[in-house]
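Working notes for the structure below.
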Amino acid sequence: MKRHMSMGDFLVAYLRKIGATHVFGIPGDLALKLFFALGRREGPQILTFSHEPGVGFAADGYARATGKIGVICVTYGAGGHNLVNPVAGSFSERVPLLILSGGPGEEERKLGTLIHHQAREIESQHRIYKEVTCASAVLTDPRRAAAELHDVARAVWAEQRPGYLEIHRDMVDREIEVPDELLEWDGHLRFHESDARRLEEAARESAAMFNASRKPVLIAGIEIHRYKAARELVELAEQMGAPVMTTVLGKGAFPMDHPLHMGVHVGPISPPPIVARMDEADFVLNLGCLKTDMNFGNRPPHIIEGKSVWAVDRRVDVKYHSYMNVGVRDFVRALRKQSIQRHHETVRYADNLGEANGAGQGRGAALRVGKILAVVNEFLAAHKRYMVVAESGDMLFGGLDVRVPHGGTYLAQGFYASMGFAVPAALGAQIGSGLRPIVLSGDGGFQMTGQEISHAPAFGANPIVIVVNNGGWGIFRPVASERRDLLDIPPWPYARLGEDWGGAGFDAHDAAALRRALEAAHRGASFAIIDVRVGRDDLSPVTLKYIQAAAAHSQAPPAERRNNGGHHGRPRS
């Protein structure tokens, strides 16, 4: 960096300094100068997609898989507005993105007329992004631009949420001033610091509660991922010797093949062994768990303060009081330093696929979703360096029963749950991490953004996409009493599309064919699409339980709905 440099040169230097090596985007007339500045030889690698939603989901997947900030560049108006939905999902799920948008120049704004791509006012796009970002700025002042950009990037990292910067096209070549702070800066972005006294007291009190318990449980949530505390969590769990579960949103925050991992806790619709173990718990340590309906099986969690600790959103709730300004990463580290009595419980992993091994085996029988998941687990157990990316819809719930060993990871929009996430997110995740993705997608989700897979050869990416094909938005069929035809979608030749787009394609109508297709795709260097046909009304085991529980809950009297929430953090009375 230099004291005086163009905005474009500063942006490239800043991204290099924070370790941002990739930018996801689509060029447009009001962002061309920005694109050309980023695309200089010393700049980051630019990866373009077919549509802005694919850009957003790819950057999100990249950020989740790498732990870095995902950087996006789009044009103003038509581009920026297309991107809002993926950014909203990243905001909900604590994913750090930095959105760079072009915009109209000063002379255009002085005309006093409407500018193409404009919605209501020139400032409208910025106002919209204020709703789905933790920090934002329009860079127009050459004296303040560098500091304002740095302020937004620091907030993105500290909050682990998206930030927005609007750089109008006449600003890209303009000379700006770089303050001493940035000239001397080492490039490290930092999390918020915890209050040392409160941190120590929260850890001491929580450790005492744990030591007094006889049947403790640890539950890991999404903040373990976001605040880079996974290694410390494993060390803490081994120090405590208690079973570890994850939430829906936090799946993958704890190694799925670790001997203390029991599975995914989804409130009352968890696998029966997990429900039974939670009923026995006399202490629950919740680390980074957001209190969402998806995490607790569409039920509000029952929280008895005397039996649980919640560390989330930079506070720790212990018994009947709260310690503010305490981050989960620091809290886990502080717990590690306490004198903790180790338990010696034998933990058995639990899922919902107990009956899947016998399903779909008979000659001519339709392949069931549960069996597909069981076959995928067989494949993952035998092959290393894979991740799983689950689409929203039935596969969001189905993916909870997928077990990724060998240090692989798992990605899904477990709360915001926007369809169209998985294929582009898998591309971004592989670009960043190098792990090969297996994508679990329904045909409805695939038809939204699946065409982005055609970019895989140019990126050197080769995901294996399993399209669970039931001819429509099947997750809604159990609750559709009228006009079920509105849930149907046109039949696409998924396997042939895989071949036409430069990859491989397979059809699988039974478990044996699926196994053969997975092995052939594994051996191949290109991406692959496997079209797996299932019954129109067939769904994953967790989806069926979720729908049944939601229906029963909605039909119960109001008082009963309030009192029968998902058990979380106490034994039943």
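Grab the strands (runs of 3 or more DSSP E) fully contained in segment 381-471, keeping just those with 2 or more residues being at pLDDT 95 or above and under 13 Å from the mean Cα position of the chain (by Cα). Let's see the steps before the verdict.
Numbers: elements: 386-390, 410-412, 436-442, 464-469.
Strands (runs of 3 or more DSSP E) meeting the threshold: 386-390, 410-412.
In segment 140-173, what count of residues is obtained for those that are out of contact with any Gly (no Cβ under 9 Å at 6 or more places or on another chain), outside any helix (DSSP H, G or I) and within 18 Å of Met1 (Cα to Cα)?
3
Do you know which residues across segment 255-281 are surrounded by 17 or more Cβ atoms within 10 Å (Cβ to Cβ) and charged (D, E, K, R)?
Selection gives Arg277 alone.
Could you grab me the full set of residues in segment 135-180 that are touching a Pro at 6+ places or on another chain (Cβ under 7 Å), surrounded by fewer than 22 Cβ atoms within 10 Å (Cβ to Cβ) and within 18 Å of Ala59 (Cα to Cα)?
Passing the criteria: only Trp157.
Just the residues that are surrounded by 17 or more Cβ atoms within 10 Å (Cβ to Cβ) and either more than 30 Å from the chain's Cα centre (by Cα) or without any contact (Cβ under 8 Å) to a residue 60 or more places away in the chain (or both), please, taken from segment 181-197.
Result: Leu182, single match.
If you go through segment 65-99, how many residues are in contact with a Pro (Cβ under 9 Å, 6 or more places away or on another chain) and polar (S, T, N, Q)?
4
Being charged (D, E, K, R), in contact with a Phe, Trp or Tyr (Cβ under 7 Å, 6 or more places away or on another chain) and farther than 18 Å from Asn469 by Cβ: is that true of Arg385 here? Can you show your working first?
Details: charged (D, E, K, R): yes; in contact with a Phe, Trp or Tyr (Cβ under 7 Å, 6 or more places away or on another chain): no; farther than 18 Å from Asn469 by Cβ: yes.
Answer is no for this residue.
Going through Glu205, Glu235, Glu201, Glu193 one at a time, which residue ends up being of a type in the set (D, E, K, R), within 20 Å of Ala158 (Cβ to Cβ) and modelled with pLDDT of 95 or more? Talk me through it step by step, then tell me what you get.
Numbers: Glu205 fails: within 20 Å of Ala158 (Cβ to Cβ); Glu235 fails: within 20 Å of Ala158 (Cβ to Cβ); Glu201 fails: within 20 Å of Ala158 (Cβ to Cβ).
Answer to the selection: Glu193.
Which of the residues that make up segment 193-246 are of a type in the set (Phe, Trp, Tyr) and out of contact with any Pro (no Cβ under 9 Å at 6 or more places or on another chain)? Write out each step before concluding.
Residues of segment 193-246 that are of a type in the set (Phe, Trp, Tyr), as a first pass: 210, 227.
Selection gives Tyr227 alone.
Scanning segment 507-522 for residues that are farther than 22 Å from Arg536 by Cβ, surrounded by fewer than 17 Cβ atoms within 10 Å (Cβ to Cβ) and among the aliphatic types (A, V, I, L, M), which turns out nearest to the chain's Cα centre (by Cα)? Steps first, answer last, please.
Within segment 507-522, the first condition is being farther than 22 Å from Arg536 by Cβ, and the residues that meet it are 512, 515-516, 518-522.
Filter again for surrounded by fewer than 17 Cβ atoms within 10 Å (Cβ to Cβ), leaving 512, 515-516, 519-520, 522.
This time we only want the ones that are among the aliphatic types (A, V, I, L, M), so: 512, 520.
Numbers: Ala512: 31, Ala520: 29 Å.
Here the residue is Ala520.
Considering only residues that are out of contact with any Phe, Trp or Tyr (no Cβ under 9 Å at 6 or more places or on another chain) and in contact (Cβ under 8 Å) with a residue 60 or more places away in the chain, look in segment 469-506 and name the one that is surrounded by the fewest Cβ atoms within 10 Å (Cβ to Cβ).
Val479
What are the residues in segment 319-337 that are part of a loop (DSSP other than H, G, I, E, B) and crowded, with 17+ Cβ neighbours inside 10 Å, if any?
Pass one, segment 319-337, residues part of a loop (DSSP other than H, G, I, E, B): 319-320, 325-327, 337.
Passing the criteria: Val326, Gly327.
Note down all Cβ pairs under 9 Å where the first residue falls in segment 235-249 and is free of Cβ contacts under 8 Å to residues at least 24 places away in the same chain, the second is surrounded by 15 or more Cβ atoms within 10 Å (Cβ to Cβ) and part of a loop (DSSP other than H, G, I, E, B), and they're at least six residues apart or on different chains.
Qualifying pairs under 9 Å: Ala237/Pro243; Ala237/Phe254; Ala237/His258; Ala237/Leu260; Glu238/His258; Glu238/Leu260.
Please determine, by comparing only the residues of segment 491-543 that are assigned to a loop (DSSP other than H, G, I, E, B) and among the hydrophobic types (A, V, I, L, M, F, W, C), which one is nearest to Glu452 (Cα to Cα). Full working, then the answer.
Here is the first cut: in segment 491-543, the residues assigned to a loop (DSSP other than H, G, I, E, B) are 491-493, 501-503, 509-510, 524-527, 534-540.
If we keep only those that are among the hydrophobic types (A, V, I, L, M, F, W, C) too, we end up with 492, 501, 525, 527, 534, 539.
Values: Trp492: 15, Trp501: 10, Ala525: 18, Phe527: 12, Val534: 24, Leu539: 26 Å.
It comes out as Trp501.
How many residues are more than 28 Å from the chain's Cα centre (by Cα) and closer than 17 Å to Arg533 by Cβ when one looks only at segment 472-504?
So the first thing to find is which residues in segment 472-504 are more than 28 Å from the chain's Cα centre (by Cα), and the list is 480-486, 490-491, 493, 496, 499-500.
Imposing the further condition that a residue be closer than 17 Å to Arg533 by Cβ reduces the set to 490-491, 493, 496.
Residues meeting the conditions: 4.
Could you grab me the full set of residues in segment 479-527 that are in contact with a Leu (Cβ under 8 Å, 6 or more places away or on another chain) and under 19 Å from Val376 (Cβ atoms)? Give the steps one after another, and end with the answer.
Filtering segment 479-527 for residues in contact with a Leu (Cβ under 8 Å, 6 or more places away or on another chain) gives 480, 505, 508-511, 514.
Of everything in segment 479-527, those that are in contact with a Leu (Cβ under 8 Å, 6 or more places away or on another chain) and under 19 Å from Val376 (Cβ atoms) turn out to be Gly505, Ala508, His509, Asp510, Ala511, Leu514.
The values are calculated or read from the model by the stated rules, or taken from the named source; none is laboratory data. Since the model is a prediction, treat every value here as computed from it, not as a measurement. Cβ: placed from backbone, ideal geometry, glycine included. Neighbour counts: every protein chain shown.
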